[in-house]
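*Asks:* Dumping the structure here so I can ask a few things about it.
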Amino acid sequence: SQTIHQWPATLVQPVGSPLSLECTVEGTSNPNLYWYRQAAGRGLQLLFYSVGIGQISSEVPQNLSASRPQDRQFILSSKKLLLSDSGFYLCAWNLSWGARNTIYFGEGSWLTVV
Amino acid sequence: DQQVKQNSPSLSVQEGRISILNCDYTNSMFDYFLWYKKYPAEGPTFLISISSIKDKNEDGRFTVFLNKSAKHLSLHIVPSQPGDSAVYFCAAPSAYGANNLFFGTGTRLTVIP
């Protein structure tokens, strides 16, 4: 069966510091990968998606970036964090194109920028 | 522009009663809808879905109703249990681009024992 893991689960970072969140999917090949963010009192916002190694699309302008160095690895990064980057970050995956495909989420990572 | 909307941020229901969670959408091209359940500090988990060719889908205590003319769907939980207390998100797949989902802002359900 497929599993998805992301880490770290929680982190507190000062403003201006770098960020790296990692996500891996096991048990499948060539998944679509996603980074979502849930900010306080808001819904789930898609930040990045990737359909293959090295292929990254951004949905919103921001000071975050994403990379996909391997088929089942997705990394969310920032060179300098802002206070507004605080939130709950979720990695997710699914397999195929098409409108009727459920997305599966990781456990989430709480980021607090202080 | 929020294409999927959940206008009630919270809902409290007595244990054993019915919980009704509502969701509206603006894009008439959406033809598939999903509900996710999320506990604090955890990722959302898929709960139930409905295709636009149906107006009802049932799975145990959970039933989703779809009213295409009103661009409205609802999730019914009967009977509600304390373990159902969570945030519920409705979602619809993007019509273009990647196979991502548009999510509503969520409704926090509290089931009171």
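*Asks:* In nanometres, what is the gap between the two model label sites at B:Q14 and A:A39, each 7 Å from Cα along Cα-to-Cβ?
*Replies:* It works out to 4.0 nm between the two label points.
*Asks:* Mind listing the phi-derived Karplus ³J(HN,Hα) values for segment B:23-28, rounded to whole Hz, using 6.51, -1.76 and 1.60 with θ = phi - 60°, and x for any glycine or proline?
*Replies:* 8, 10, 9, 10, 8, 5
*Asks:* From the cross-link list A:K79/B:K38; B:K38/B:K68; B:K5/B:K38; B:K5/B:K71, which pairs have alpha carbons spaced over 20 Å apart?
*Replies:* Values: A:K79/B:K38 30 Å; B:K38/B:K68 26 Å; B:K5/B:K38 17 Å; B:K5/B:K71 10 Å.
Pairs exceeding 20 Å: A:K79/B:K38; B:K38/B:K68.
*Asks:* Compute the distance from the alpha-carbon center of segment A:13-40 to that of segment A:44-104, in whole Å.
*Replies:* Between the Cα centres of segment A:13-40 and segment A:44-104 lies a distance of 6 Å.
*Asks:* For segment B:4-112, what is the relative contact order in percent, using Cα pairs closer than 8 Å and at least 6 residues apart in sequence?
*Replies:* Working: 264 pairs, mean separation 41.0, N = 109.
Here the relative contact order equals 38 percent.
*Asks:* From the phi of every residue in segment A:42-58, what ³J(HN,Hα) in whole Hz does the Karplus formula 6.51 cos²θ - 1.76 cosθ + 1.60 yield, where θ is phi - 60° and glycine or proline is x?
*Replies:* Per residue, the Karplus-derived 3J(HN,Hα) values read 10, x, 8, 10, 6, 9, 9, 9, 9, 9, x, 4, x, 9, 10, 10, 9 Hz.
*Asks:* What share of the DSSP beta bridges in chain A is antiparallel, in percent to the nearest 5?
*Replies:* Restricted to chain A, the bridges split so that about 90 percent are antiparallel.
*Asks:* Using the Kirkwood radius over Cα pairs, work out the Stokes-Einstein diffusion coefficient for the protein assembly as shown at 37 °C and 0.692 mPa s, in µm²/s as a whole number.
*Replies:* Numbers: Rh = 18.1 Å.
The Stokes-Einstein estimate is 181 µm²/s.
*Asks:* Please give the solvent-accessible surface of B:R108 in Å², to the nearest 10, using a probe radius of 1.4 Å with every protein chain present.
*Replies:* Roughly 130 Å² of B:R108 is accessible to a 1.4 Å probe.
The values are calculated or read from the model by the stated rules, or taken from the named source; none is laboratory data. From a predicted model like this one, the values you see are computed outputs, not experimental measurements. Neighbour counts are summed over all protein chains in view; Cβ atoms, including those assigned to glycine, are modelled from backbone coordinates with ideal geometry. The area values use the complete protein model at the heavy-atom level, side chains included, leaving out ligands, DNA and RNA. Shrake-Rupley method; radii C 1.70, N 1.55, O 1.52, S 1.80 Å.
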